[in-house]
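Written below as structure tokens is the structure these notes are about.
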Protein chains: 2
Amino acid sequence: MRLSEAAALALATRLLEEHGATRDHAALQARVLVTAEMKGHPSHGLCRLPRLVERMERGLIDPQTKGTQRWRADAVLEVEGSAGLGPIVAMAAIERLAPHIPDLGIGLVAVRNANHLGMLAHYVEAIAAMGLVGIALSSSEALVHPFGGTQAMLGTNPIAIGVPTAEDPLVLDLATSIVPMGRIHHHAATGRPIPDGWALDAAGKPTTDPKRAKAGAIAPFGDAKGYGLGIAIELLVAALAGSALATEVHGTLDSQSPCNKGDVFILIEPSLAPGLPTRLSAYLAAVRASPSKVAGEPVLVPGDRARQRRAAASRNGFEINQSLWEDLNALSPSRILVFEGQRS
Amino acid sequence: MRLSEAAALALATRLLEEHGATRDHAALQARVLVTAEMKGHPSHGLCRLPRLVERMERGLIDPQTKGTQRWRADAVLEVEGSAGLGPIVAMAAIERLAPHIPDLGIGLVAVRNANHLGMLAHYVEAIAAMGLVGIALSSSEALVHPFGGTQAMLGTNPIAIGVPTAEDPLVLDLATSIVPMGRIHHHAATGRPIPDGWALDAAGKPTTDPKRAKAGAIAPFGDAKGYGLGIAIELLVAALAGSALATEVHGTLDSQSPCNKGDVFILIEPSLAPGLPTRLSAYLAAVRASPSKVAGEPVLVPGDRARQRRAAASRNGFEINQSLWEDLNALSPSRILVFEGQRS
């Protein structure tokens, strides 16, 4: 079925409020999930909501906290996430650090023990909107096998980079796994096989069955180089946030454990060289206009496709799975009250 | 022929001194080139020396300068490289910034108009040896085609990450091209074809001829994701250093133009969480000990192979091309028969 942006935001916000989030916190968490849907990444969208609600009900998420911030050094804000919602804890810290960047030039936020961030693009877009360069890194459960290995030893360890220009910012957001685990879950939920080369099963053998893949390991992207980047992000995040390493991480995909992964955000003031933002956007325009391999499929710059999809979804709404819609509505206590009324 | 580490360092240092570098500057530039040879990356080794000497003779490199440093903000050191040798300008700035990191927590060096850095691993290893996390980024001439494109629009834009642990640091150093351009040059110089998928010719068609590839474009690594990372580094470096963008960059591979690419180094104090360095090295040990795909080929961590090769070369010397040896000797105003005796 098709859902409008406004209806999706209203539903997600209400559900989160009904489960204990303040209005502001509910609205931000909802925004992150709905934007992922609009950009064409349903694996990071509304399908995450039932898990979030369940974690809130079990006390594994405290939807009221922004975590505890502490200046570890002049330019480093360390945050104990205290089981807060990922986007709430992260944005509160980014907003605390940002006003200092004109003096400092660069600053870092290191978060541990907050919940899942959703798509990292959200954070570097917010940082780019402040006129700053942003880098975001996050860790996760061990889901990815090393290059040359067969067992899940690394997180999917995404990296996002945002660079403001005179026009739209460049927005890169990629998992260092060949696909995010959410995509494997989405295949499993919709009963579709996964392509060859995406994953190994628990015995270390190649599989196209998403359920076997969930019990096994996803491949890193780009062979040895992608693996190298993934394990470097694993160590970077743990070294800077003091958070758990892949094989000890829990709580981004389950409803049993506190979330103990780490998140890192770097904010940097760009050079003040005259004309620089225009030079950056002119370069991106030249890349887009360069000859394409396939006629009619122009060269894109990171962030282009997501921006186009988001704009289309803003006008026309977006498709969601009918059963997900029903699940979400069933989670609303106002619906539960009706059942209780019927019982008495 | 086989060369010892000491003989290689002596030859390279003397050649650079004879062409105007101070002893210290010559020794550091030589160290960077010889270490690349020892690690098994001859494309970034002594074969770069004739070009460096030629650029010094033509005034395109000033081997005496460390560049001009200026604090752009409390934690950002901006450097006008003034045509200095890449390693000299970079290490001088890193050493200026490093003593401030305990107070700042994070700091950045942004360099423009310095010469080629050589392998980025050198810099993050030096930063890790100070107990700090290091990130290094650099840009280059347009040599890489976009994913879905056919024309060279991006630099090979390498990234290096170093993370200290209780044992050896993790050291990642990768070009975002499928191979560095130096490797294509090395194939051309030694008359060997390149594998399928590495490059397109000037007309945008796949080629295995390294000479046609030099006139064309190298593929990004890892398809869309590797391209995304490469163009994000392109923009990051230009935005932070105010340097030229790929299609306007000159001087890392030619003997005609001043070098106008940019370099960025980020230094970060790790979390002081108790036991963290030991946790990091225990994790890396677990990754190395995890099941491997091919029996007898254990899983490696970025930096392992280079470290093994360097140790072996330190004991046993390393192979260099006989004609390169002769070229290098011919470049010395005093000729070098004395070094012949040091061949091992």
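Of note:
- Some residue of the range B:216-225 being charged (D, E, K, R), closer than 20 Å to A:Gly228 by Cβ and in a helix (DSSP H, G or I): yes
- Pair list, Cβ under 6 Å, 6 or more apart: the range B:290-301 residue facing another protein chain (nearest Cβ under 7 Å) and without any contact (Cβ under 8 Å) to a residue 40 or more places away in the chain, other residue surrounded by 14 or more Cβ atoms within 10 Å (Cβ to Cβ) and among the basic types (Lys, Arg): B:Val299/B:Arg288
- Here A:Arg58 clears all of (1) more than 9 Å from every other protein chain (Cβ to nearest Cβ); (2) surrounded by fewer than 24 Cβ atoms within 10 Å (Cβ to Cβ); (3) at positive phi except the condition numbered (3).
- Restricting the range B:222-236 to residues that are aliphatic (A, V, I, L, M), more than 10 Å from B:Ser139 (Cβ to Cβ) and in contact (Cβ under 8 Å) with a residue 24 or more places away in the chain, the residue that is farthest from the other protein chains (Cβ to nearest Cβ): B:Ala224
- Of all residues in the range B:110-155 being at pLDDT 95 or above and of a type in the set (D, E, K, R), the one that is surrounded by the most Cβ atoms within 10 Å (Cβ to Cβ): B:Arg112
- Residues satisfying the stated conditions in the range B:63-97, i.e. assigned to a strand (DSSP E or B), surrounded by fewer than 19 Cβ atoms within 10 Å (Cβ to Cβ) and acidic (Asp, Glu): B:Glu80
- Checked against the criteria, A:Met56 does not count as touching a Lys or Arg at 6+ places or on another chain (Cβ under 7 Å) and either in contact (Cβ under 8 Å) with a residue 40 or more places away in the chain or closer than 19 Å to A:Asp327 by Cβ (or both).
- The range B:265-288, residues that are assigned to a loop (DSSP other than H, G, I, E, B) and either more than 7 Å from every other protein chain (Cβ to nearest Cβ) or among the hydroxyl-bearing types (Ser, Thr, Tyr) (or both): B:Ser271, B:Leu272, B:Pro274, B:Gly275
- Hits in the range B:318-335 (condition: touching a strand residue (DSSP E or B) at 6+ places or on another chain (Cβ under 8 Å) and over 30 Å from A:Phe147 (Cβ atoms)): B:Trp325
- Residues being within 14 Å of chain B (Cβ to nearest Cβ) and of a type in the set (A, V, I, L, M, F, W, C) - total across the range A:302-327: 1
- Contact map, the range B:319-330: residues that are of a type in the set (Ser, Thr, Tyr) paired with residues that are in a helix (DSSP H, G or I) and surrounded by 11 or more Cβ atoms within 10 Å (Cβ to Cβ), Cβ distance under 9 Å, separation 6+ or inter-chain. Pairs shown: B:Ser323/B:Ala189.
- For A:Ala199: the one exception among (1) crowded, with 24+ Cβ neighbours inside 10 Å; (2) touching a residue at least 24 places away in the same chain (Cβ under 8 Å); (3) not aromatic (Phe, Trp, Tyr): (2)
The values are calculated or read from the model by the stated rules, or taken from the named source; none is laboratory data. Keep in mind it's a predicted model, so treat the numbers as computed, not measured. When we count neighbours, we look across all protein chains shown, and the Cβ atoms used for this are built from the backbone with ideal geometry, even at glycine.
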